[in-house]
Amino acid sequence: METSKQYHKINPVLANAGHILLTKLLFPTTEYRKDILKEKSYIFAPNHTNNLDGYIIWCLLSHEFDIDVFMFKEFWNRFPKLSIILPLFNTYPITRDKLVPSELKEELRKLKDELHSLVIFPQGRHVDPKVMLNLARYHLNTIPMGAFYVAAKANKPLVPIYMEPQKAFSQNAVVYGNILNPEDYNVISNNGRLQKDNLIYFAKAWLEEVNKAYQLAPQLANRQMRDYPIHLNYTDASGSAEPLTDPNNIVKYFNELKLLSEYSSKSGITDIYTLGKIIGIPLEDIEKIDEVKRVYEQHLLRSSKVKMKTM
């Protein structure tokens with residue numbers, strides 16, 4: 001078999017330098033439950049909170065695994081000079097809003113090698129872990145299926161990972177979740193066809209395992225996990241933002257959306273306005289909650305420098 005080292009050799013100097021400089025000195029990172037990684041290669045699937053995630057996880061893994069990282073294609077288009085350097089760190093572009101099989105063809109070829117691994121962020125975008133986990137039902141609607149498709153096509157075990165939002169010169173935590181076997185979800189049928197409904201079950205299992213790792217993290221690190229700042233603007237893949245009409249109360253609307261979601265799960269009612277009447281949420285709030293839900297499902301929270309007036 002052609003090995004990944006023949007066509008995709010990681011520079012050991014860069015791997016070791018990144019590991020020491022980024023994850024030991026600048027962002028001291030402690031990995032928990034890494035001892036569960038017994039295989040030679042995986043599809044690593046972390047949550048995604050900021051632009052550092054890809055570099056951090058590459059530095060943690062590249063000195064042990066022959067590994068690629070997917071980064072959203074729009075970043076390459078916006079920073080063409082930087083994109084020249086990124087392949088040195090085995091980082092390659094991908095469309096983050098939808099599954100494009102043609103973009104995955106070369107990586108799937110590499111993944112035929114039993115020594116080759118991949119880091120891919122299932123969310124595609126930066127998401128507050130609390131929003132992601134507390135509103136899992138809505139969040140699943142926003143997750144592209146690329147990570148789960150690749151794991152199934154390559155028949156590689158998928159590793160859910162919880163990454164704490166990083167802070168320089170402070171302790172940061174990474175927790176490896178229980179490994180998922182794509183064969184258990186029958187994503188690819190016997191005749192080779194993609195089973196889209198089963199992809200969603202696979203994605204749900206990933207989200208549940210990230211949640212478990214998130215819940216376990218404070219016990220392992222013996223401290224509370226760092227909060228991720230709630231962002232007020234929604235950004236699409238091109239970088240253009242769609243501001244909410246009432247961003248200062250976004251936390252309130254998210255909390256009410258969570259309440260509606262919980263009641264919906266118990267009652268089976270899905271219409272947000274009907275739920276609001278039953279629970280007693282004012283109509284004007286329901287309209288804002290509906291806006292938050294709609295924009296969240298389309299764009300997700302990304303970035304803002306505006307300070308919230310209310311919490």
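The values are calculated or read from the model by the stated rules, or taken from the named source; none is laboratory data. In this text the structure is predicted, and so the values were computed from the model without any measurement. Cβ coordinates were reconstructed from backbone atoms using ideal geometry, including for glycine residues, and neighbour counts include every protein chain displayed.
Working only within the stretch 144-200, note down all residues that are part of a strand (DSSP E or B) and of a type in the set (Ser, Thr, Tyr).
Keep residues of the stretch 144-200 that are part of a strand (DSSP E or B), which gives 158-163, 172-176, 180, 188, 194.
Correct list: Tyr162, Tyr176.
Scanning the stretch 76-100 for residues that are touching a Leu at 6+ places or on another chain (Cβ under 8 Å) and not aliphatic (A, V, I, L, M) returns Trp76, Phe89, Tyr92. Among the residues of the stretch 68-84, some residue qualifies, meaning at least one is assigned to a loop (DSSP other than H, G, I, E, B) and farther than 29 Å from Gly192 by Cβ.
When Met145, Met132 are checked against the criterion of being buried (at least 19 other Cβ atoms within 10 Å of the Cβ) and either under 26 Å from Glu106 (Cβ atoms) or touching a residue at least 40 places away in the same chain (Cβ under 8 Å) (or both), a single residue qualifies: Met132. Tell me yes or no: at least one residue of the stretch 207-225 is in contact with a His (Cβ under 9 Å, 6 or more places away or on another chain) and modelled with pLDDT of 90 or more. The answer is yes, given that some residue of the stretch 207-225 is in contact with a His (Cβ under 9 Å, 6 or more places away or on another chain) and modelled with pLDDT of 90 or more. Pairs linking a residue in the stretch 209-224 that is crowded, with 16+ Cβ neighbours inside 10 Å to a residue that is in a helix (DSSP H, G or I), with Cβ atoms under 7 Å and 6 or more positions apart or on different chains, are Asn211/Leu133; Tyr214/Pro129; Tyr214/Leu133.
Being part of a helix (DSSP H, G or I), surrounded by fewer than 19 Cβ atoms within 10 Å (Cβ to Cβ) and either modelled with pLDDT under 95 or small (Gly, Ala, Ser) (or both) is a description that applies to Pro87.
Per the conditions (1) in a helix (DSSP H, G or I); (2) surrounded by fewer than 17 Cβ atoms within 10 Å (Cβ to Cβ), the sole criterion not satisfied by Thr23 is (2). Among all residues of the stretch 47-63, there is at least one that is surrounded by 20 or more Cβ atoms within 10 Å (Cβ to Cβ), more than 14 Å from the chain's Cα centre (by Cα), modelled with pLDDT of 85 or more and assigned to a loop (DSSP other than H, G, I, E, B). Restricting attention to the stretch 275-292 and to residues that are free of Cβ contacts under 8 Å to residues at least 24 places away in the same chain and outside any helix (DSSP H, G or I), the residue that is nearest to Leu259 (Cα to Cα) turns out to be Gly280.
The one condition from (1) modelled with pLDDT under 80; (2) more than 18 Å from Ala136 (Cα to Cα); (3) in contact with a helix residue (DSSP H, G or I) (Cβ under 9 Å, 6 or more places away or on another chain); (4) of a type outside the set (S, T, N, Q) that Pro247 does not meet is (3). When Ile67, Ile57, Ile84, Ile120 are screened for being touching a Pro at 6+ places or on another chain (Cβ under 7 Å) and either not assigned by TED's automatic domain parsing to the domain that holds Ala217 or not charged (D, E, K, R) (or both), only Ile57 passes.
Restricting attention to the stretch 95-137, the residues that are at pLDDT 75 or above, out of contact with any Ser or Thr (no Cβ under 9 Å at 6 or more places or on another chain) and under 30 Å from Gly268 (Cβ atoms) total 1.
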